[in-house]
1. Report whether or not residue 13 is modelled with pLDDT of 95 or more, surrounded by fewer than 18 Cβ atoms within 10 Å (Cβ to Cβ), farther than 11 Å from residue 76 by Cβ and among the charged types (D, E, K, R).
2. Only one residue in 106, 102 is more than 13 Å from the chain's Cα centre (by Cα) and in a loop (DSSP other than H, G, I, E, B). Which one?
3. Could you grab me the full set of residues in region 13-37 that are closer than 19 Å to residue 116 by Cα and acidic (Asp, Glu)?
4. Give region 31-82 a look and list any residue that's of a type in the set (S, T, N, Q), more than 15 Å from residue 17 (Cα to Cα) and part of a strand (DSSP E or B), or say none.
5. Tell me, yes or no, whether region 83-91 has at least one residue that is under 15 Å from residue 10 (Cβ atoms) and either of a type in the set (S, T, N, Q) or part of a strand (DSSP E or B) (or both).
Amino acid sequence: MIPPSSSLLIIEDQPEICDLIELSLLDKVEQIHIAHSVSTACHLQSKYRFDVAIVDSCLPDGDPYPLVKELLAQQCKVLLMSGNFELNKRLARLPLPRIEKPFRLPTLMKSVEQAFEIPVTKTLQALNSA
């Protein structure tokens, strides 16, 4: 279940995928912010608190792994998204819910709900022991 007062950060370089995700979740979350790069996501993350972030594992301006770690440290739940998880092995090893592109909308909704259900502390423990 997605809490209706939630805030969401979508970090994805393809605008059409961002639009699809945003339209799919518009009536489910209170605030949605979109970043097409790691640098924009870092800027937004410094200004706002997010309950969940959907993060593409391969972005044009760098590796989102440090940002994912910081989001988790701020108790933000993370859903990883990729067309090929092998391209970012550090993110692929994290015990986070994930969705592969291309995806169907029911799969997206289920994956976002899963992201809300996994305690951040479990992921942080896995990060610290790695």
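1. yes
2. Exactly one of 106, 102 is more than 13 Å from the chain's Cα centre (by Cα) and in a loop (DSSP other than H, G, I, E, B), namely 102.
3. 22, 27, 30
4. 31 - this is the single residue of region 31-82 that is of a type in the set (S, T, N, Q), more than 15 Å from residue 17 (Cα to Cα) and part of a strand (DSSP E or B).
5. There is no residue in region 83-91 that is under 15 Å from residue 10 (Cβ atoms) and either of a type in the set (S, T, N, Q) or part of a strand (DSSP E or B) (or both).
The values are calculated or read from the model by the stated rules, or taken from the named source; none is laboratory data. Model, not experiment: these values are computed from the prediction. Neighbour counts are summed over all protein chains in view; Cβ atoms, including those assigned to glycine, are modelled from backbone coordinates with ideal geometry.
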